[in-house]
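Engineer: The structure follows.
What follows draws every value from the coordinates through simple rules; no lab data is involved. Note that the structure is a prediction, hence the values are computed from the model and not measured. No Cβ is skipped: glycine too gets one built from the backbone with ideal geometry, and neighbour counts run over all protein chains shown.
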Amino acid sequence: MRKLFVILLVVFLSVSALASIKVGAILPMTGGVAAFGQMIWQGVELANELFPEVLGEKIEVVLLDNNSDKVQAVNTARRAIEQEGVVAIIGQVISSNTIAGGTVAEDNGVAMVSPSSTNPLVTQDKKYVSRVCFSDPFQGVAAAMLAFNNMGAENVAVFVDVEQDYAVGFANYFKETAIKLGGSVFYEYYKSGDQDFTAQVSDAISKGAGAFFIPGYYQEIALIAIQARQLGFYEPIIAGDGAAVPETIEIGGEAVNGLYFTTHYDAGSPAVTENAKLFVEAYTAKYGEAPGTFTALGFDTYLVVRDAIERAGSTDREAIAKAVRQTKDYPAVTGIITIDENGDAIKSVAIVKIEDGKFVYDTTINP
Amino acid sequence: MDPKTLLQNFVNGLSLGSLYALIAIGYTMVYGILRLINFAHGDIFMMAVYFALFFVTLAQLPWYLAAILAIACAALLGFTVDRIAYKPIRNAPRISALITAIGVSFFLESLAVVVFSGIPRSFRTIFPQSLNEMIIIGGEMEVKYGREVIVGGIRFPVISLITLIVAAIALVFLWWFIFRTKVGMAMRAVSLDIQTTSLMGVNVDRVIGMTFALGSALAGIGGILWAIRYPQVWPYMGFIPGMKAFVAAVFGGIGSVPGAVLGGLILGITEVMMVGIMPAAAGYRDAFAFFILIIVLSIKPSGLLGRPEIVKV
C-alpha cells in the first residue's frame, strides 16, 4: 500500500513537473519592506488564477522570499535559476534588491522583470533586467512638480535613506527639477530601520522647511510623519511610491492625513484598459476591498511575462528575454506598457492623497 | 544649531536615552550576577511587544491588563530560556554561554518570523493615543491650515516622561531588592562565587532563574514603552535597541544598575546631538554609538560607574 502511494506520488510529481512552465517570483515576503512583497504576490496569484496557461501548458509560479535583503536577493536569484529552473523571473521589488539580484539574471541570461523597482541603475546597461513601472528620473520630476507647482512649497527638506539606491536617486532627481522650478531644497539623512528621527526633524524645522519630501519606504515615512507632527511641523509632507501601502496609514494614523504621494496606479483612477476593469472586479470579488498599487503591478508583471512567453513561442530563456524587451502597447492594469530598448516602461504618474485614513486619487501627471 | 534647537535636541535625546536606560538595566543585572552577556535580551524585548499586541487584538483585553500579562510572559520566557539554554552549561567556560546566548537570540528572531510573520505591524492603536501627546513648554497659538495649533516651544512626549519615571522606580526597586531582601542577598552571593553559595545551602538555580525573570520583565517593560513611542512591531525590532542598551550598560560600567541608567541617558543624548550637529553623518549614528564605546573603554575599561576588576594573583 505504502509502495503504491510512493509510486503514485512520484508519477504525479513528475507529470505535474513536465506539464508546467516554471516562472520565479522573487519578492520580499518578510523583512522591512514585506508589505510590498505581500501585495505584489496577491497580484501575481490573482493573475495566475485568471490566466493560468500559456502555450497550452500550466504556469507554475515559484515564490522565493528575499527577506528585503541585498544578499538574499542574490542567493534567491541563483536558487531560482539553478535549482528551480525557472524560465523567467518576476521581481525583484525594491531597487537595491533588483540591482543586486539582477547581476545573477544577467550572467545566466534569464529575464528578470521587476514590478516596482524605479531606480535607473536597475536596468542600466542590462540586457535581461526590465521593469513594468516608470523610473525615478520621471517620478522625481512629477514629485517636484507636485511640491513646487501644485502645493506652492518653497524650502523643502528632503529625507534621504542613505541605504537605499531608490531613495538616493529619487531625491537627486527631485532636487534637479526643484532647482529648475526655482525652488530650494536641503537634505536630511537617515538609514533603513531607524526609529528615531527627532534630531533630523528638529534640524529641518530650525532651517525653516516649508514642506518635507520623503523619498523612502513606508515604515520610515510613517515614523517621520508622526515625529514631525509631534515636534510641531504642520506643513505638507510629500512622499513617493514607497508610501503606497496600507501600512503607511496603519502606522502613521492621524499624522499621515494630508500626505501626498506619487505612485503608479490607484484603483480610484479611471480604468484605461479591459484588464484594469477585470483586475478591480476580480480582486474586489476575492478580497472584498479595492486593490492596492503594488497588487496591480504584480498582476501586470505576470501578464507581461506570460505575454512574452507566448510571443517567444517556446520556453527558451533567451527567446523569452528577447520577447520581454519587445513588449509593445500591452494593455495592462496600470497603463499601456511598452518596454523600450533600455528595459524601461514609459508610464504616467498618479498623485494620491491620504484623507481620513484612506487613499484618495487626486490627478495623473503624464510624461 | 540655535539655542532652541539645541535644547529641543537635548530633550529628544533624553527621550531616546530613557528607553535605552530602561533596557540596559535588565542587561546589566544579568551580567552583574552571572557574568553572562545575554544577547537574547533584545529579543525578549521584541517578544513582549508581540505578546502585548496579541493580548489586545486577539484576546481583546484592556491595554493595562495586556501590558501586565505581557511583562509577566516576558519574565516567564526569560526564566524558560535560562532553564533550557543556559542551565545545562552553567559550569562550562563563559564563552560557551555567550555563544548560546547568540544562538537563543537568532532562535527567538526566527521563531517570531515563523509564528508572527515577518511583516511589520502597527502598534499605534494598541495603547491610548494620549500617551503620545506632547508636553509643550513655550510656543504660540496660531491657525495653520484651518486648525488652531501651537507653533514652536520645547516639546517632550508624555510617554518619555513615563519612561523616565519607570526607570527611576526600577532603579530604587532594584536597589531595595538587591540590598534589602533575602533573595537579593543570595543574588549578590551568587555574583561573587556560585559554588560557595550553593555550598551555603542556597538554591543557586532558583536565584539565577529569578534574576532572568526580573531582567526579562524589565526588557518587557522597555519593549512596550518603546513600541508606544515608535509604534511598529517586527521580529528584528529588538536587535538595534538591544545593541544600544548593551553599549549603554558597558558604557556605564557593566554590572552597575545606576551606571546602566546613566549610560543609557548619555548615549541617547550624544546620539541625537551628533545627528543634530552633523546632519550629513546621520547615517552613521549606530556606528557612532560603538565608536563612543571604544573611546570610553580605552580610557576607563570598567565603564563610568563600574568597579575596576581586581585581578587576584
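Engineer: Listing A:Tyr187, A:Tyr234 from the residue with the fewest other Cβ atoms within 10 Å to the one with the most, what is the order?
Structural biologist: A:Tyr234, A:Tyr187
Engineer: Once the Cβ-Cβ distance between A:Tyr287 and A:Ile346 is put in as r, and R0 is 41 Å, what FRET efficiency do you end up with, to the nearest 0.05?
Structural biologist: Step by step, r from the Cβ atoms, then E = 0.85.
Engineer: Given the Cα atoms of the range A:137-263, and with Rh set as the inverse mean 1/r over their pairs in the Kirkwood sense, what is Rg to Rh to two decimals?
Structural biologist: 0.92
Engineer: May I ask for the Rg/Rh ratio of the range A:84-125, computed from Cα atoms with Rh as the Kirkwood radius, given to two decimals?
Structural biologist: 0.94
Engineer: Cα extents of chain B along the three principal axes, largest first, in whole Å?
Structural biologist: Cα extents, longest axis first: 73, 50, 36 Å.
Engineer: Would you list which lysines come within 24 Å of A:Lys127, measuring only between C-alpha atoms, while excluding same-chain residues fewer than 8 positions from it?
Structural biologist: Once the sequence-local lysines are set aside, what remains near A:Lys127 is A:Lys22, A:Lys70, A:Lys322, A:Lys328, A:Lys347.
Engineer: Moving on. Give me Rg over Rh for chain A, both radii from the alpha carbons and Rh done the Kirkwood way, two decimal places.
Structural biologist: Across chain A, the Cα-based Rg/Rh ratio is 1.00.
Engineer: What number, in percent, do you get for the relative contact order of the range B:75-208 if the mean sequence gap of Cα pairs under 8 Å and at least 6 apart is divided by its residue count?
Structural biologist: Once divided by the residue count of the range B:75-208, the mean separation gives 12 percent.
Engineer: Please give the per residue volume of the convex hull enclosing the alpha carbon atoms of the range B:172-313, rounded to a whole number of Å³.
Structural biologist: Value for the range B:172-313: 145 Å³ per residue.
Engineer: Using mean Cβ contacts within 10 Å as the protection proxy, how do A:242-248, B:128-134 order, highest first?
Structural biologist: A:242-248, B:128-134
Engineer: Using Cα-Cα distances under 8 Å and only pairs 6 or more residues apart, what relative contact order does chain A have, in percent?
Structural biologist: Result for chain A is 18 percent.
Engineer: Semi-axes of the equivalent ellipsoid of the range B:81-235: what are they in whole Å, largest first, if each equals the square root of 5 times a C-alpha gyration tensor eigenvalue?
Structural biologist: So the equivalent ellipsoid measures 43, 23, 10 Å along its semi-axes.
Engineer: Go ahead and run the numbers for FRET between B:Ser298 and B:Met185, Cβ-Cβ distance against an R0 of 35 Å, rounding to 0.05.
Structural biologist: 0.50
Engineer: Which percent of Cα pairs goes in each bin when the distances of the protein assembly as shown are cut into 10 angstrom slices starting at zero?
Structural biologist: 3, 15, 23, 22, 18, 12, 6, 1, 0
Engineer: Taking 7 Å along the Cα-to-C-beta vector as the label spot, tell me the B:Leu111-A:Val360 distance in nanometres, rounded to one decimal.
Structural biologist: Result for the modelled spin labels: 4.6 nm.
Engineer: Starting from the 7 Å offset along Cα-to-Cβ, what nm value, one decimal, do you get for the label separation of B:Val149 and A:Glu154?
Structural biologist: Placing both labels 7 Å along Cα→Cβ, they lie 1.7 nm apart.
Engineer: Calculated FRET efficiency, B:Ile277 and A:Lys180, Cβ-Cβ r, R0 41 Å, to nearest 0.05?
Structural biologist: Between B:Ile277 and A:Lys180 the formula returns 0.80.
Engineer: Label-point separation (nm) for B:Met1 and B:Trp175, each offset 7 Å from Cα along Cα-to-Cβ?
Structural biologist: Placing both labels 7 Å along Cα→Cβ, they lie 3.0 nm apart.
Engineer: Determine, for A:Thr177, A:Thr30, A:Thr363, the number of other Cβ atoms within 10 Å of each Cβ, and report the residues in order from fewest to most.
Structural biologist: Listing A:Thr177, A:Thr30, A:Thr363 from fewest to most nearby Cβ atoms yields A:Thr363, A:Thr177, A:Thr30.
Engineer: How much space per residue, in cubic angstrom, does the convex hull of the C-alpha atoms of the range A:20-164 take up?
Structural biologist: Taking only Cα atoms, the range A:20-164 has a hull volume of 127 Å³ per residue.
Engineer: Sort A:Ser117, A:Ser130 so the one with the fewest other Cβ atoms within 10 Å of its own Cβ comes first.
Structural biologist: Fewest to most other Cβ atoms nearby, the residues stand as A:Ser130, A:Ser117.
Engineer: What is the distance in Å between the Cα centroid of the range A:269-308 and that of the range B:11-71?
Structural biologist: Cα centroid to Cα centroid, the span is 42 Å.
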